[in-house]
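Student: Right, I'll just put the structure down here and ask away after.
The values are calculated or read from the model by the stated rules, or taken from the named source; none is laboratory data. Treat the numbers as computed from the prediction; the structure is a model and nothing was measured. FYI the Cβ positions are ideal-geometry reconstructions off the backbone, even for glycines, and counts take in every protein chain you see.
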Amino acid sequence: MDSKTEPQPVPPQIPVRLERYEHSVPPKIERRYWLHPKSGILILAVDWLFFGPELFTAGTTAIVTSPLAFLITTAGVFWIQRRKNGDSFNAALLKALLGGIVAGIPTSISGTILGTAVLALSGLSGWNQRRGDKISPNTRSS
């Protein structure tokens with residue numbers, strides 16, 4: 001036998017372009033509200049803390065709690081609007097003053113048109129629906 005082997009023909013190279021296709025998530029569209037949600041929470045929380053127990057004091061402490069609620073809310077809303085929402089100085093100041101006035105009213109605003117306005121302007125009225133955790137009534141937990 002012949003110990004010589006014939007060289008096998010090499011097939012031609014096929015050009016291949018490798019590309020990585022990654023599943024791209026569409027950019028999350030974040031809706032901005034007039035008030036940052038944290039500002040809305042602050043306004044309502046200060047209002048509840050200062051004027052919720054007003055029933056027990058019969059309104060006698062309103063002369064102290066109203067200005068205090070105004071100052072705390074104004075400072076907090078101003079800081080939140082500047083740092084978290086990126087508002088200009090004048091816009092943050094206007095929102096802070098309005099939030100302070102609303103929180104400084106010597107009665108609880110929850111359940112009133114002012115409370116509803118705070119919820120709507122800060123986006124808290126649809127807070128549970130923004131996360132996409134809607135549970136249909138037909139869904140059964142196992």
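Student: Looking only at residues in region 84-142 that are at pLDDT 80 or above and of a type in the set (D, E, K, R), which one is surrounded by the most Cβ atoms within 10 Å (Cβ to Cβ)?
Tutor: Looking at residues that are at pLDDT 80 or above and of a type in the set (D, E, K, R), I get LYS95.
Student: Another question about this same structure. Would you say GLU22 is surrounded by fewer than 10 Cβ atoms within 10 Å (Cβ to Cβ), acidic (Asp, Glu), farther than 22 Å from ALA120 by Cβ and at pLDDT below 90?
Tutor: When the stated conditions are applied, GLU22 passes them.
Student: Let me ask something else about it. Regarding PHE70, is this residue in a helix (DSSP H, G or I), surrounded by 14 or more Cβ atoms within 10 Å (Cβ to Cβ) and in contact with a Leu (Cβ under 7 Å, 6 or more places away or on another chain)?
Tutor: No.
Student: If you go through region 22-76 one residue at a time, how many are aromatic (Phe, Trp, Tyr), closer than 19 Å to GLY104 by Cβ and over 21 Å from the mean Cα position of the chain (by Cα)?
Tutor: 3
Student: OK, next. Give the residue that is nearest to LEU124 (Cα to Cα), with candidates limited to residues of region 25-58 that are at pLDDT 85 or above and among the small types (Gly, Ala, Ser).
Tutor: Only one residue fits best here, namely GLY40.
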